[in-house]
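Read the figures in this text as sums done on the coordinates, not as results from a lab. Bear in mind the structure is a predicted one, so any value in this text is a computation, not a measurement. Glycine gets a Cβ as well: all are built from the backbone with ideal geometry, and neighbour counts include every protein chain shown.
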């Protein structure tokens with residue numbers, strides 16, 4: 001049986017009580033006879049026809065589980081900031097990671113939320129990962145942002161570039177002058193960092209911005225403050 005079918009059997013176990021759990025416990029390679037398989041497949045078939053909403057729920061659960069494994073396997077890479085690309089408490093007990101693009105309106109809209117999180121949670125560390133996927137100017141902005149991080153001016157540059165509106169060579173240069181960032185000193189490893197972030201995003205199943213990693217969870221979109229606070233609190237509680 002496929003992994004998805006086995007997962008659905010487990011869900012059915014919860015729905016059907018002891019009988020369903022008996023089926024779920026036996027759903028392992030090599031443990032099922034042909035008659036058992038036929039009965040399980042019939043139960044799954046009939047249940048899914050009556051409750052088709054189970055399928056997207058199960059797929060979401062499977063995706064969350066696989067994302068969690070990917071995060072756990074790459075935690076150090078995910079949570080270690082590029083030099084100064086971090087806000088909040090550098091020694092915080094929970095790290096929130098944002099994959100972002102300077103051309104992403106939803107990322108821009110999320111900046112006040114991040115500022116509120118940092119202000120309200122003194123134990124939170126926020127790590128920013130450049131993910132320039134929306135336009136050629138996004139990569140130029142990402143390289144400039146990494147220069148700002150290397151020069152200890154990430155937060156000022158980050159906030160000012162979002163405030164400047166659509167990203168262009170002119171806006172990048174203007175914001176760099178405004179925040180004291182020397183664009184002639186783009187770090188030698190800037191392109192390597194960006195390529196690494198793109199590969200990491202693919203590994204975690206991140207395909208758009210903003211995307212968030214907290215604990216073993218990958219979340220997508222411009223999430224409200226309370227949703228991120230909930231995820232942070234759950235991560236903190238799981239570690240205590």
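So the values come out like this:
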quantity	calculated
By average C-beta atoms within 10 angstrom, highest first, the peptides 209-221, 108-120	209-221, 108-120
Exposure proxy ranking, count of Cβ atoms within 10 Å, fewest first, for 79, 53	53, 79
Mean Cα-pair separation over length for the stretch 76-239, i.e. relative contact order, pairs under 8 Å, 6 or more apart, %	29 percent
Counting DSSP beta bridges with both ends in the stretch 76-239, the antiparallel % (nearest 5)	60 percent
Ratio Rg/Rh, restricted to the stretch 76-239 and using Cα atoms, in which Rh is the Kirkwood radius	0.94
At R0 = 35 Å, FRET efficiency that the Cβ-Cβ distance of residue 186 and residue 237 yields, to 0.05	0.30
Peptide ranges 196-207, 143-154 listed from the most packed, as the mean C-beta count within 10 angstrom indicates	143-154, 196-207
